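What follows is a set of notes on a single structure, which appears directly below.
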Amino acid sequence: MGRVIGIDLGTTNSCVAVMEGGVPKVIPNNEGYRTTPSVVAFSKDGHRLVGDVAKRQAAVNADRTMFSIKRHMGTDYRKKIDGKHYTPQEISAYILTKLKNDAESYLGEEVTDAVITVPAYFNDAGRQATKDAGRIAGLNVLRIINEPTSAALAYGLDNGQPQKILVYDLGGGTFDVSIIEIGDRVIEVLATSGDNHLGGDDFDDRIVNFLVEQFRTQTGINLVKDPSAMSRVREEAEKAKKELSSAMTANINLPFIAMAKDGPRHMDIQLTRQQFVSMTSDLVDRTVTPVENALHDAGLGKQDIDMVLLVGGSTRIPSVQDKVRNLMGKEPSRNLNPDECVAMGAAIQGGKLSGQLIPGSGASEIILMDVTPMSLSIETVGGIASRLIERNTTIPTRHSQIFTTAGNFQTSVDIKVFQGERKFTRDNKLLGNFRLSGIKRAPAGTPQIEVTFDIDVNGIVNVSAKDLGTGNLQSITITSNSNMTEEEIQRAMWEARVYEKQDEQGEELVQLRIDAGNLTSRISAELSNHKKDWDKQMRKEIKDANNALVKAMGSSTPEKINVETAERIREAKDRLMEVLGRYNISV
């Protein structure tokens, strides 16, 4: 087995890590950053863009750019572009493919195996969808691991002393809380809870709504009807949120955001931290109940928690930290980078599974014991959810129960499997239906059918059934409308291989156009700044070369650039760089 990478497939950003010298190390992407935006886009000519390049062109290509796809994992959501419907698995696979390629560039070798993290509160469909996304990306997913557990694993590597910790994980799209006990070479998850629809995106939405309403009050223009403008507003809202973590005010300045009859309109709005706290207080309050539920399920009080570990970029928000501090009565730990620790924990788990950890190291000796986040039940008479496996049961786990027929001479039975905590199945998540056929004809209540539910180490549910009367064993496959069929997965894998080179070329073209545009802007600024100290001939040569690059770009945009235009841009850019080099000017 080769090197195993650990991947935090995030809502807003993703991160990949690997074990080196017995310690986890974050792998920078090919752009030099330690995290990669979880953004996928398609240019007008069909090229696929992933990561930073996709995020940068979003404002001018909003309807063909996809954010926060993780929130749709395990659902029947589809995104239609150019007549093709893309599943969340396929879109996530594009992100995973980039992380895989970046890791291969860094390591200098092929990567085929990975451990991928998911929110602790992901249901079976979400976990299976994540595993399918890995397969489409050409990865052998050795393990699906819960994000808070992964963070605790990274923390426990250097903090193996016995203690109970609460992992408060508020990411871009999901919130998880886990109670974890670190013992003698054992990390055991005692309980987990959370909210799959609470995260940094929701905080961004509040700022977006505020800006849109303020702008409408000032100008009478509703930006909601303009996808391009809304993309710019959302990008600035995210920046303002981050800025307010260290400053008391943030200024949102968007020139030419809209056009009125008498000319362009600009957005210039100030947002204070106090306003931000007020508009998001209910979101922060929503994290309290999951914390209390996790403590209750673990049979612990706040006083029993030795340390609170903050995970996820959204825990940088001051009001979130204040809430945790007041709720738990202790200062939360910031020992780990909240954006990177989940991927690092996944890398540790990958090293353990591959047997490549250094014998005797702290990581090699740690045993990880996780739990299932939700109860598993079967629908019985009256729509009652009859539980077979309770939430927070240590996994892997297995449970069997005897069922029988309700009608005379039945030869088959239909069984519905649900996840959730409500009393009635209508309020829970349907995992799928299965039918057991070939039952011997007999009066109602006579046949004995043993149905067995397995939850594997990935938290994925498997079902089998045995007719005790005949001894025949039948395996049952749960099918869900949100999961891809094997045929769909194979086709997506084939497409990923076929179009990989084309996508790489498309990304190069878009990056070239972005870089060229940035370069001409910087040179124009330099020419303006050095009107007096650059001699006339020098200024003329630089200005002519810069104008030639502007002309080469023509009317092309990052989301719509062809090979011919790109070649002209390369030639003009090389000429400009040659002139700058001759005058020892760096930009």
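Listed values, structure above:
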| item | result |
| --- | --- |
| Residue 418 over 30 Å from residue 353 (Cα atoms), touching a Lys or Arg at 6+ places or on another chain (Cβ under 8 Å), modelled with pLDDT of 80 or more and among the aromatic types (Phe, Trp, Tyr) | yes |
| Which numbered condition residue 85 fails, given (1) under 16 Å from the mean Cα position of the chain (by Cα); (2) surrounded by fewer than 20 Cβ atoms within 10 Å (Cβ to Cβ) | (1) |
| Options 150, 92: the member that is open to solvent by less than 10 Å² (accessible area, probe 1.4 Å) and modelled with pLDDT of 95 or more | 92 |
| Residue check for residue 84: at negative phi and in contact (Cβ under 8 Å) with a residue 24 or more places away in the chain | no |
| Any hit, segment 375-388, residues being open to solvent by 40 Å² or more (accessible area, probe 1.4 Å), more than 25 Å from the chain's Cα centre (by Cα) and within 27 Å of residue 143 (Cβ to Cβ) | yes |
| Verdict on residue 218 being in a helix (DSSP H, G or I) and either open to solvent by 60 Å² or more (accessible area, probe 1.4 Å) or among the basic types (Lys, Arg) (or both) | yes |
| Residue list for segment 54-79, restricted to those being out of contact with any Gly (no Cβ under 9 Å at 6 or more places or on another chain) and at pLDDT below 90 | 56, 57, 58, 59, 60, 61, 62, 63, 76 |
| Filtered residues of segment 116-140 (kept if in contact with a Ser or Thr (Cβ under 8 Å, 6 or more places away or on another chain) and not in a helix (DSSP H, G or I)) | 116, 117, 118, 119, 120, 121, 122, 137, 138, 139, 140 |
| Conditions (1) open to solvent by 10 Å² or more (accessible area, probe 1.4 Å); (2) without any contact (Cβ under 8 Å) to a residue 60 or more places away in the chain; (3) closer than 22 Å to residue 267 by Cβ; number of the one not met by residue 240 | (1) |
| Tally, over segment 529-554, of residues that are open to solvent by 100 Å² or more (accessible area, probe 1.4 Å) and more than 19 Å from residue 582 (Cβ to Cβ) | 4 |
| Counted residues, segment 407-434 - those being in contact (Cβ under 8 Å) with a residue 24 or more places away in the chain and assigned to a strand (DSSP E or B) | 14 |
| Filter result for residue 103 (farther than 16 Å from residue 73 by Cα, in a strand (DSSP E or B) and at pLDDT 95 or above) | no |
| Filter result (modelled with pLDDT under 80 and under 24 Å from the mean Cα position of the chain (by Cα)) within segment 361-374 | 368, 369 |
| Extreme residue, farthest from residue 125 (Cα to Cα), among residues of segment 163-211 that are charged (D, E, K, R) and assigned to a helix (DSSP H, G or I) | 206 |
| Every residue from segment 28-47 that is crowded, with 21+ Cβ neighbours inside 10 Å and of a type outside the set (Ser, Thr, Tyr) | 29, 37, 39, 40, 41, 42, 47 |
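A quick yes/no check of all residues on (1) open to solvent by less than 30 Å² (accessible area, probe 1.4 Å); (2) not hydrophobic (A, V, I, L, M, F, W, C):
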{"residue": "193", "(1), (2)": "yes, yes"}
{"residue": "212", "(1), (2)": "yes, no"}
{"residue": "264", "(1), (2)": "no, yes"}
{"residue": "281", "(1), (2)": "no, yes"}
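The values are calculated or read from the model by the stated rules, or taken from the named source; none is laboratory data. Every value quoted in this text rests on a predicted model; they were computed, and no experiment measured them. Every residue, glycine as well, gets a Cβ built from its backbone with ideal geometry; the counts of neighbours run over all protein chains shown. For accessibility, only protein heavy atoms count, side chains too; no ligands or nucleic acids. Shrake-Rupley method; radii C 1.70, N 1.55, O 1.52, S 1.80 Å.
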